[in-house]
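Have a look at the structure below before the remarks.
The values are calculated or read from the model by the stated rules, or taken from the named source; none is laboratory data. For clarity, every value in this text was computed on a predicted model and none was experimentally measured. Neighbour counts run over all protein chains shown; Cβ positions are idealised from the backbone, glycine included.
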Amino acid sequence: MKKALFIIIVVVLIILAFGVFFGWQYLAEIFKFYPEQIKTQNEAANWKTYTNTQHGFEFKYPSNWKLEQSDLFTIIKSPDFKSSYYESGAELLVNGSKIRILNSNLGRFSSVQEYINSQEENGFNLSDRKQIKIGEVDSVEYYWGYEGPVELFVNFIKDGYLHQITFVSVAEERNDKDYSIFKEILSTFKFINK
């Protein structure tokens with residue numbers, strides 16, 4: 001009887017040790033970027049606000065990031081952003097990150113899922129999909145899987161049109177500082193009356 005009790009106690013202690021070990025690793029990973037996120041939130045108080053009355057949205061962005069506008073896009077570039085261009089005119093990201101907001105629409109789709117299905121039918125590898133909210137609108141976030149920079153897409157339907165926000169970064173890690181800033185920018189995104 002004592003031997004059985006001893007074995008049970010040893011097994012329970014081993015299970016607890018594994019639980020503590022893996023729990024500690026899990027918590028360490030969660031809080032790995034915690035100080036950076038606190039810093040980002042404190043810095044957000046000094047961010048600029050961009051308002052696009054034509055397309056009915058606004059968001060905050062870091063004052064040291066560069067904002068550019070065209071008819072189709074609003075682009076925000078990190079301070080260390082650098083790119084070059086292929087002869088074809090396609091942009092090659094060399095350093096830093098950028099956020100691109102499509103100011104038009106990607107056509108009339110009945111749902112974001114319909115758009116995603118059309119992309120996959122055309123051979124695009126879209127991964128790590130999850131449901132999020134952008135300015136209280138249901139949205140889908142996913143990665144465009146291929147060799148090269150990280151490309152994170154956020155698509156949502158507003159007023160019957162599919163819209164897209166893209167985060168592009170040369171960072172190896174999806175959880176780098178620019179990614180945290182992108183998430184903070186998304187949290188400030190809201191729709192306004194046109």
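Odds and ends about this structure:
- Restricting attention to segment 37-86, the residues that are of a type in the set (A, V, I, L, M) and at pLDDT 90 or above total 3.
- Spans of strands (runs of 3 or more DSSP E) in segment 60-126 with at least 3 residues surrounded by 13 or more Cβ atoms within 10 Å (Cβ to Cβ): 73-77, 97-102
- Where a residue in segment 91-116 is on the phi > 0 side of the Ramachandran plot and its partner, wherever it lies, is at pLDDT 85 or above and acidic (Asp, Glu), with Cβ under 8 Å and at least six apart: Gly96/Asp80; Gly96/Asp178
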